[in-house]
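The structure appears below as structure tokens.
The values are calculated or read from the model by the stated rules, or taken from the named source; none is laboratory data. Since the structure is predicted, the reported quantities are computational estimates derived from the model, not experimental observations. As a convention, Cβ positions derive from the backbone with ideal geometry for all residues, glycine included, and neighbour counts pool all protein chains shown.
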Amino acid sequence: MADVLTPEQRHKNMSHIRSKDTSIEVTLRKALWHKGYRYRKNYKELKGKPDIAITKYQIAIFCDSEFFHGKDWPELEKRLLKGTNSEYWYGKIKRNMEWDEEVNQTLYGAGWIVLRFWGSDIKKHLDKCLQTIDEAVFDRKMMDY
């Protein structure tokens, strides 16, 4: 699939992508707040600055976009290698996936539960994401007894 946008149009689109307060983050945060969970946004005290950190239970939550974090990597990899500026995008997304794994290992090692949700799951299956978070909180509460 060829890019139908000019390089200038593509640049403009990409420059408007946010790293904080994305729609998927806001959706999940509002639902958590409504359920009574209190959290920190973009918690700088932890490696990777989790989008949401429920510090009381040591739960770090990341809301990952499919493209930038390499969902369905074998398929995405093929598309990237055929596309424009493929070397840059392939390297960037590959490094993002490696960084995500480094962050996971560091946080696990520090005793945190790490949850990662794809943007599409937050949009389509918010209830399942919340259930996963509820289960992590329950597990933490059980460990405290």
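Mind checking whether some residue in region 35-42 is of a type outside the set (S, T, N, Q), modelled with pLDDT under 95 and buried (at least 18 other Cβ atoms within 10 Å of the Cβ)?
Looking for residues that are of a type outside the set (S, T, N, Q), modelled with pLDDT under 95 and buried (at least 18 other Cβ atoms within 10 Å of the Cβ), one finds none in region 35-42, hence no.
In region 104-123, what count of residues is obtained for those that are farther than 14 Å from residue 59 by Cβ and either surrounded by fewer than 17 Cβ atoms within 10 Å (Cβ to Cβ) or touching a residue at least 12 places away in the same chain (Cβ under 8 Å) (or both)?
Taking region 104-123 and keeping what is farther than 14 Å from residue 59 by Cβ, we get 105-106, 109, 118-123.
Subsequent filtering for residues that are either surrounded by fewer than 17 Cβ atoms within 10 Å (Cβ to Cβ) or touching a residue at least 12 places away in the same chain (Cβ under 8 Å) (or both) retains 105-106, 109, 118-120, 122-123.
Number satisfying all stated conditions: 8.
Scan (1) surrounded by fewer than 19 Cβ atoms within 10 Å (Cβ to Cβ); (2) closer than 12 Å to residue 119 by Cβ; (3) touching a residue at least 40 places away in the same chain (Cβ under 8 Å) for the single condition residue 79 breaks and write down its number.
The number of the failed condition is (2).
Taking only pairs six or more apart or across chains, which ones have beta-carbon atoms under 7 Å, a first residue in region 40-60 that is over 19 Å from residue 143 (Cβ atoms), and a second residue that is assigned to a helix (DSSP H, G or I) and among the hydroxyl-bearing types (Ser, Thr, Tyr)?
40/55; 47/106
Name the residues in region 44-84 that are among the hydroxyl-bearing types (Ser, Thr, Tyr) and either touching a His at 6+ places or on another chain (Cβ under 9 Å) or farther than 30 Å from residue 30 by Cα (or both), would you?
Looking only at region 44-84, we keep the residues that are among the hydroxyl-bearing types (Ser, Thr, Tyr), and these are 55, 57, 65, 84.
Selection gives 84 alone.
Which one of 30, 20, 47 is among the basic types (Lys, Arg), in a loop (DSSP other than H, G, I, E, B) and modelled with pLDDT of 95 or more?
47
In region 124-145, which residues are touching a residue at least 40 places away in the same chain (Cβ under 8 Å) and either of a type outside the set (D, E, K, R) or surrounded by 14 or more Cβ atoms within 10 Å (Cβ to Cβ) (or both)?
Within region 124-145, 126, 129, 130, 133, 136, 137, 140 qualify.
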